[in-house]
Amino acid sequence: MTDRRPTALIADDEPLLRKALTRLLAEAWPALEVIAQARNGREALTLFETLKPDICFLDVHMPGLSGVEAAREIGRRAHLVFVTAHSEYAVQAFEQGALDYLVKPVEAKRLSDTVSRLQERLSAAQPAPNIDNLLDQLSERLQKKKVPEPLRWIRASVGQALRLISVDDIDFLRSDEKYTLIAWRGDQGKPGEALIRTPLKELLAQLDDKQFAQVHRSVVVNLHSISHVIRSGNETADIHLKGRDDVLPVSRSYLHLFRQM
Amino acid sequence: MTPEAAALPPRGLARVLGWRRLRVVLIPCLILSLLFLPGWKASWALLFGRLVFVGLVQLSVFGLFETWPRRLPRWMARWVLQVASVAIVVPFAVAIVYTLTTQDDPVPWVKNMDRMTGFAMLCCFGLLLSPWIAMSALYRHISGVAQRQALAFELERSEFERDALESRLRLLQAQVEPHFLFNTLANVRELVDSGSPQASSVLGSLIAYLRAAVPRLHEPGTTLSQEIDLVRAYLEVMHMRMPDRLQFSLKVDDAALQILCPPMTLLTLVENAVRHGIDPSEEGGRIEVRVAVREGRCRIGVLDTGVGLHQETPGLGTGLATLRERLQLAFGDDVMVNVSAIEPRGVCAKLEFPARWNRP
């Protein structure tokens, strides 16, 4: 067992909070030496590799590499404590003590509990627990925020620029060899065209099926943009759009959508 | 009457000779028959019968031309066809009914003075009355259609209102995110504990933000000057939290200060710029807010030099979409919401809507 002082790294994108934790730690654990302060996950990793602290306090939400991703890289090589603004990210395993977390604003009492646990582990020369499982759960929790709502906005190239186009402004989508063409209403309702790389099939899966319908192998139309549909003789039809000259083909397999009620 | 029964209009013969329509024929026939009766030589039943026959023929013709032919030449309105046909068919129908009902006459009815008088009278009244009856029936039909339209609009509007209310509620829920609040409070406490002179002003900004961040549901709009104060408070708080990663500037035309807009209009864009542009960026960036008035339109631009549009941005869509809805609720369709990437990196969000001033 070494006599050297235990060392810690603090990572948080907000400078005042790094300062706050440093100060609180100084009071709760005077023997602890904070040897590094990182502004983001990438810096935390770099500093960790260089300085090899015993303990890392990692803010969960950081730009670039998050606290969770940095934790994954560090693995069992240090004792890890997550710091988070609210317990939404806390997983049951955290509460069971397998992995410690602190809620911001950090309470002195809570910190001293965490400090006791760390001191125990260090003095018993216990290795840091394997937390890959917990990290997976945490990542999942963080990503759950991506609710599968129908797509509302599409990022597309319009000429030289990249723009966000509301799906309500889209008249139809047509797939080309490499791109999908988006026919949309721009400013003042002027018809325009944009291109994106996402294949039509993928887009169709994300679009609201109450608003968009596939009418042909390579065409998806916004139902609100249809002016009228004219059926041709041989089991096909043509869709005429409001305010546009384009005529969209309806293939046999989709003709049933336009049968009269 | 079940809802389904009410929804489907009767088809075919049921429609043409439905009870409602029969009534329209029978009642005038009844009245006319009673009117004519005094001077009539034939029996009442016969008179009534003849009148009803003519009426039924007219009704059938009216119903026929209601849907046939499907396509009319442009210059012919369907109602004209229906009314004209109802009139034209009168003499023929009366002639037919007379022929049918005077089979036993020794002399053909056309040579019989009494019969001819009767024929003439029926024709006259038929020609005079029927067009009016037909037109009033058509009018009632059209106004019935108009009523249903009005109801449909009413329904659409109340759905719209309900959506607006839901928008507001979502807005309420979205405000004062715990993440933002607790992080900020943690920062403020540090300032206080370390005796920093900044503490008080930062608390002031936080209070200003919180007070405005809970929208007052009774107030449908705020002025841009209130929005600017709110946005300034928010940016000051964020700058305090990440001084090395956020710079900002606000440029507002004086003339624009009293323009009305839905609450949180500016804040939505600025929050997006911070959350999706600056915060994910390791070096951070700069946010510029510009508000101008030109030619009766208010132009707002929020520019950031953050990570740009290439990242996955869940949640970006909802805030912007809600903003668009609220602007459309307030100003109709004459609004522009445009978000595009800028070079070398970052995003520019532009809004445009008609300028309406607050008149005290």
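Out of (1) more than 24 Å from the chain's Cα centre (by Cα); (2) modelled with pLDDT of 95 or more, what's the single condition that is false for residue A:46?
Against the list (1) more than 24 Å from the chain's Cα centre (by Cα); (2) modelled with pLDDT of 95 or more, residue A:46 comes up short only on (1).
Is it true that residue A:23 is at the interface with chain B (Cβ under 9 Å from one of its Cβ atoms), under 22 Å from the mean Cα position of the chain (by Cα), in a helix (DSSP H, G or I) and closer than 23 Å to residue B:179 by Cα?
no
Residue by residue through the range B:278-334, note down the ones that are at pLDDT 95 or above and hydroxyl-bearing (Ser, Thr, Tyr).
Within the range B:278-334, B:305 is the sole residue that qualifies.
Does any residue of the range B:76-84 turn out to be outside any helix (DSSP H, G or I), over 25 Å from residue B:23 (Cβ atoms), over 34 Å from the mean Cα position of the chain (by Cα) and not aromatic (Phe, Trp, Tyr)?
no
Could you list, in sequence order, all residues of the range B:239-269 that are free of Cβ contacts under 8 Å to residues at least 12 places away in the same chain and more than 20 Å from residue B:346 (Cα to Cα)?
Matches in the range B:239-269: B:254 only.
Limited to the range A:59-72, what total is found for residues that are modelled with pLDDT under 90 and of a type in the set (Asp, Glu)?
So the count comes out to 1.
As an exercise: evaluate residue A:42 against (1) facing chain B (nearest Cβ under 9 Å); (2) touching a strand residue (DSSP E or B) at 6+ places or on another chain (Cβ under 9 Å) and give the number of the one condition it does not meet.
Condition (2) is where residue A:42 drops out.
Yes or no: residue A:235 surrounded by fewer than 19 Cβ atoms within 10 Å (Cβ to Cβ) and part of a helix (DSSP H, G or I)?
Against the criterion (surrounded by fewer than 19 Cβ atoms within 10 Å (Cβ to Cβ) and part of a helix (DSSP H, G or I)), residue A:235 does not qualify.
Just checking, which of A:10, A:35 is within 14 Å of chain B (Cβ to nearest Cβ) and not in a helix (DSSP H, G or I)?
Every option except A:10 fails the conditions.
Does residue A:74 count as within 24 Å of residue A:116 (Cα to Cα), more than 14 Å from chain B (Cβ to nearest Cβ), within 22 Å of the chain's Cα centre (by Cα) and in contact (Cβ under 8 Å) with a residue 12 or more places away in the chain?
yes
Hey, among the residues in the range B:335-359 that are outside any strand (DSSP E or B) and out of contact with any Leu (no Cβ under 9 Å at 6 or more places or on another chain), which one's nearest to residue B:298 (Cα to Cα)?
Only one residue fits best here, namely B:359.
Being modelled with pLDDT of 90 or more and surrounded by 15 or more Cβ atoms within 10 Å (Cβ to Cβ) narrows it down to one residue among A:250, A:220, A:229; which is it?
A:220
Can you give me the number of residues within the range A:156-179 that are surrounded by fewer than 20 Cβ atoms within 10 Å (Cβ to Cβ), facing chain B (nearest Cβ under 10 Å), not in a helix (DSSP H, G or I) and not aliphatic (A, V, I, L, M)?
Number of matching residues: 3.
Output the number of the condition that residue A:91 fails; it satisfies all remaining conditions of (1) more than 22 Å from the chain's Cα centre (by Cα); (2) at pLDDT below 95.
Only one criterion in (1) more than 22 Å from the chain's Cα centre (by Cα); (2) at pLDDT below 95 is unmet by residue A:91, namely (1).
Taking the condition of being farther than 19 Å from residue A:33 by Cα and either within 14 Å of chain B (Cβ to nearest Cβ) or at pLDDT 90 or above (or both), how many residues in the range A:103-128 meet it?
6
Among the numbered criteria (1) touching a helix residue (DSSP H, G or I) at 6+ places or on another chain (Cβ under 8 Å); (2) surrounded by 20 or more Cβ atoms within 10 Å (Cβ to Cβ), which one does residue A:182 miss?
(1)
The values are calculated or read from the model by the stated rules, or taken from the named source; none is laboratory data. Owing to the predicted nature of the structure, the values given are computational and were not obtained by experimental measurement. In this analysis, Cβ positions are derived from the backbone assuming ideal geometry, glycine residues included, and neighbour counts consider all displayed protein chains.
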